[in-house]
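Participant: Got a structure for you, questions after.
The values are calculated or read from the model by the stated rules, or taken from the named source; none is laboratory data. Please read these numbers as outputs of a predicted model, since none were measured by experiment. Because the Cβ atoms are built from the backbone with ideal geometry, glycine has one as well, and the counts that use them run over all protein chains shown. We work out accessible area using only protein heavy atoms, side chains counted, and drop any ligands, DNA or RNA first. Shrake-Rupley method; radii C 1.70, N 1.55, O 1.52, S 1.80 Å.
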Amino acid sequence: VNERPRLDAAVLAALRAVAGEAHVIDDPELAASYETDWTRRFSGRASVVVRPGSTAEVAAVLSVCHDAGIPVVPQGGNTGLVGASVPRRGEVVLGLTRLDGLGDIDTVSAQVTAGAGVTIARLQDHATAAGLLYPVDLASRESATVGGTIATNAGGIRVLRYGPTRARLVGIEAVLADGSIVSRMGGLTKDNSGYELAQLFAGSEGTLAIVTAARLQLVRATPHRATALLGVADTEAALAILQRIRHSVTDLDAIEAFYHDGVEMVCRHTSATPPFATPPGCYLLVECAGREDPSERLVNALAECPEVIESAFATDRAQQQQLWRYREAHTESINAEGIPHKLDVTLPLTTLAEFEATVRERVAAAVPGARPILFGHLGDGNLHVNILGPAPDDDRATDVVLRLVASLGGSISAEHGIGIAKAPWLHLTRSEADIAAMRAIKRALDPGGILNPGVIFGHDA
Ligand code: S2G
Ligand code: ZN
């Protein structure tokens, strides 16, 4: 699907009238960076890329596309991992990074209004400068945007303490398929006046509305941080530690698990040396953060864990970042090895160790030579299974993994969303009645099916 569909001249002129000549991009070179996703697995041709500068301009663009029946793919930082942020069949790509207004922080309510195009890193810095914290944190923070993380209900490393992005959402401004604008940004903590549209749009992946701004709830800063990297025998041991410390340690901020094949790849890619002389069966990165120094509590709690074989402890920022690098560099190191099939699954904590122990052999049986690298947010039961080896369009390994997850009572998508990539397996995690209800909502809000078509439900929808 490589030809660039031509837009009707009148439509192109109307889009230029709305966004201005400079922000309607139909030069193939300039459009290219909007047309391929971060993993390079998903790519398509946009009919044009439009970069509106305000909610009103987004509304006007949607109104033009709605009347002309032209589908639209909304795009924030294009760090999405399920093929939902790049064109598939000649859609108009709506680049939202120019919506980068960031309001003053209301220190009474600890809330802030942010445009959809504000990056997570800039929002985090804005909150920190006011002595507060925006707690959604993920490796793509420099590019991921407020709008995109709402659309995917992004999780990241602190979900076990603060919840995913939807937990931050106290108000939203969004444009519907027909160009109408819904806006409720007052930030009232209690407002039980009918359907909660902000929560409906969170996680809807651009299929129900285009998020243009949000009112976000910040939390108290946690200036003191203690980080431990542990080597344990296996996933069971890691889960035993998780169960123990989530009750004995008050300021638990993150618990991440990963394995030596991932660490080897990270060391190869970043020229780091492995953290321990003897590779453990499983690595566990535990971080506590609070208003007082949590180091002693963490050390004492871990001293009660016989499962700990090796440990590295860090209280200064540089050492902490070095320990985090082993975990956070997984994604870029895997990407450097090839084009991965990126799975992102949740398992009940009771079946997670069984899953981890069997998934590798299942993948190897399905696609000889395929290499599954596992890592993720153990505290949420969320493992990322990145599979190197299968061709981008070879779904055999994905099928085996997602069916195994479903058989163990898990979810085929923990935090990345369904997008285009996981749509064929949605039925493994959602019932027919669920899917019918979701389609009814989709039909009600986007009867013409122009918002991110193919996402969540697949292209035959
Ligand atoms: C993470 C990033 C995406 C991936 O690092 O927690 O969400 O699977 C992932 O590489
Ligand atoms: Zn993740």
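Participant: Within the range 409-417, can one find any residue that is in contact (Cβ under 8 Å) with a residue 60 or more places away in the chain and polar (S, T, N, Q)? Talk me through it step by step, then tell me what you get.
Facilitator: We begin by selecting, within the range 409-417, every residue in contact (Cβ under 8 Å) with a residue 60 or more places away in the chain; these are 409-417.
Checking which are polar (S, T, N, Q) leaves us with 411, 413.
So far as the range 409-417 goes, yes, one or more of its residues are in contact (Cβ under 8 Å) with a residue 60 or more places away in the chain and polar (S, T, N, Q).
Participant: Can you name every residue in the range 71-104 that is in a strand (DSSP E or B) and more than 17 Å from ILE210 (Cβ to Cβ)?
Facilitator: Scanning the range 71-104 gives a single hit, LEU102.
Participant: If you don't mind, another one. Considering only the range 35-48, state which residues are farther than 18 Å from LEU12 by Cα, of a type outside the set (D, E, K, R) and at pLDDT 95 or above.
Facilitator: THR36, PHE42, SER43, GLY44, listed by residue number.
Participant: Right, next: Pairs please, first residue from the range 12-26 and more than 12 Å from ARG51 (Cβ to Cβ) and modelled with pLDDT of 95 or more, second anywhere and outside any helix (DSSP H, G or I) and open to solvent by 20 Å² or more (accessible area, probe 1.4 Å), Cβ atoms under 9 Å, 6+ apart in sequence or on different chains.
Facilitator: LEU12/ARG6; LEU12/ASP26
Participant: Just to be sure I understand, how many residues within the range 90-122 are without any contact (Cβ under 8 Å) to a residue 24 or more places away in the chain and under 17 Å from GLY187 (Cα atoms)? Talk me through it step by step, then tell me what you get.
Facilitator: Applying the first criterion (without any contact (Cβ under 8 Å) to a residue 24 or more places away in the chain) to the range 90-122 yields 100, 103-104, 108, 121-122.
Filter once more, keeping what is under 17 Å from GLY187 (Cα atoms): 103-104, 108.
Looking only at that region, the number is 3.
Participant: In the list HIS269, HIS341, which residue meets the criterion of being under 29 Å from ASP394 (Cα atoms), buried (at least 20 other Cβ atoms within 10 Å of the Cβ) and not hydroxyl-bearing (Ser, Thr, Tyr)?
Facilitator: Only one candidate qualifies: HIS341.
Participant: Additional query: Count, please, the residues in the range 293-321 that happen to be in a helix (DSSP H, G or I) and either crowded, with 16+ Cβ neighbours inside 10 Å or within 12 Å of ligand 1 (Cβ to nearest atom) (or both).
Facilitator: Residues meeting the conditions: 6.
Participant: Being away from ligand 1 (no atom under 16 Å from the Cβ) and part of a helix (DSSP H, G or I) narrows it down to one residue among THR358, THR273; which is it?
Facilitator: THR358
Participant: Moving on. For residues that are among the small types (Gly, Ala, Ser), away from ligand 1 (no atom under 15 Å from the Cβ) and in contact with a Phe, Trp or Tyr (Cβ under 9 Å, 6 or more places away or on another chain), tally how many sit in the range 374-432.
Facilitator: Count: 3.
Participant: VAL136 is checked against (1) touching a helix residue (DSSP H, G or I) at 6+ places or on another chain (Cβ under 7 Å); (2) away from ligand 1 (no atom under 16 Å from the Cβ); (3) over 19 Å from GLN75 (Cα atoms) and fails just one. What number does that condition carry?
Facilitator: (2)
Participant: Can we say ILE435 is closer than 18 Å to ALA84 by Cβ, among the β-branched types (Val, Ile, Thr), outside any helix (DSSP H, G or I) and touching a residue at least 12 places away in the same chain (Cβ under 8 Å)? Explain how you work it out, then say what you get.
Facilitator: Working: closer than 18 Å to ALA84 by Cβ: yes; among the β-branched types (Val, Ile, Thr): yes; outside any helix (DSSP H, G or I): no; touching a residue at least 12 places away in the same chain (Cβ under 8 Å): yes.
So ILE435 fails the test.
Participant: Considering only residues of the range 140-163 that are open to solvent by 30 Å² or more (accessible area, probe 1.4 Å) and hydrophobic (A, V, I, L, M, F, W, C), which is farthest from ligand 1 (Cβ to nearest atom)?
Facilitator: By that ranking, first place goes to LEU160.
Participant: Restricting to the range 324-338, give me the number of residues that are surrounded by 21 or more Cβ atoms within 10 Å (Cβ to Cβ) and more than 16 Å from ligand 2 (Cβ to nearest atom).
Facilitator: Selection size over the range 324-338: 0.
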